1. Tell me the relative contact order for the stretch 103-165 as a rounded percent, counting alpha carbon contacts under 8 Å between residues six or more apart.
2. Can you put 68, 54 in order, fewest other beta carbons within 10 Å first?
3. Helix-derived [θ] at 222 nm for the chain: sum -39500 (n - 2.57) over DSSP H runs of at least 4, divide by residue count, nearest 500?
4. Given [x] 34, 18, 15; [y] 37, 16, 14; [z] 23, 18, 17 as candidate values of semi-axes √(5λ) of the Cα gyration tensor in Å, which corresponds to the one derived from the coordinates?
5. With contacts defined as alpha carbon pairs under 8 Å and 6 or more residues apart, what's the relative contact order of the chain in percent?
6. What FRET efficiency would be calculated for the residue pair residue 92, residue 170, taking the C-beta separation as r and a Förster radius of 30 Å, to the nearest 0.05?
7. Two decimals is fine: what is log10 I(q)/I(0) at q = 0.10, 0.19 Å⁻¹ for the stretch 1-95, from a Debye sum with one equal scatterer on every Cα and no solvent?
8. Just to be sure I understand the model, the point goes 7 Å from the Cα along the line to the Cβ. What's the resulting residue 85 to residue 21 distance in nm?
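Taken together, the values in this text are just the output of simple stated rules run on the coordinates, not laboratory data. Only a predicted model underlies this, so the values are computations on that prediction, with no experimental measurement involved. When we count neighbours, we look across all protein chains shown, and the Cβ atoms used for this are built from the backbone with ideal geometry, even at glycine.
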């Protein structure tokens, strides 16, 4: 299950319109949120179609982000993009530092305890503010495991597709 450099990753979404000159409102899944503009070209996916866009510029506006896309110069053209997902090639992202992982690389990995008990596969992760939480599902149960290295997460083997955790299977 090693990481593929050509795998596209979802980094955001066009969620609305801003003004009459074709600007759009974005939801960014990057941290910090403005880093979304550093990863281009974008592949916009909307209504079963895909379009590649480069040279997107953006700015923070209030609590949101507004972007200007090349060749989108009026509100009607921008309206056709509302709901579009923003995907990028994995190869445009920097490699994570040692002990850091992109959540998407962990999704689908098998989760086992130190004793070898299978807890299922990683469904997704989410942040609580205090720490990230790994959600492992085995068909019957869903377990929420704090993604805290060395304390609960002892090993992440991307090549083997396995995460070893110190976790009570009954919890």
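1. About 30 percent, as a whole number.
2. Details: 68 18, 54 9.
With the sparsest Cβ surroundings first, the list reads 54, 68.
3. Working: 2 runs with 9 residues, N = 171.
For the chain, the value works out to -1000 deg cm²/dmol.
4. Given [x] 34, 18, 15; [y] 37, 16, 14; [z] 23, 18, 17, the structure-derived one carries the label [y].
5. Working: 352 pairs, mean separation 35.8, N = 171.
With pairs under 8 Å counted, the relative contact order is 21 percent.
6. Values: r = 43 Å, r/R0 = 1.42.
Using R0 = 30 Å, I get an efficiency of 0.10.
7. -0.24, -0.85
8. Here the answer is 3.2 nm between the modelled labels.
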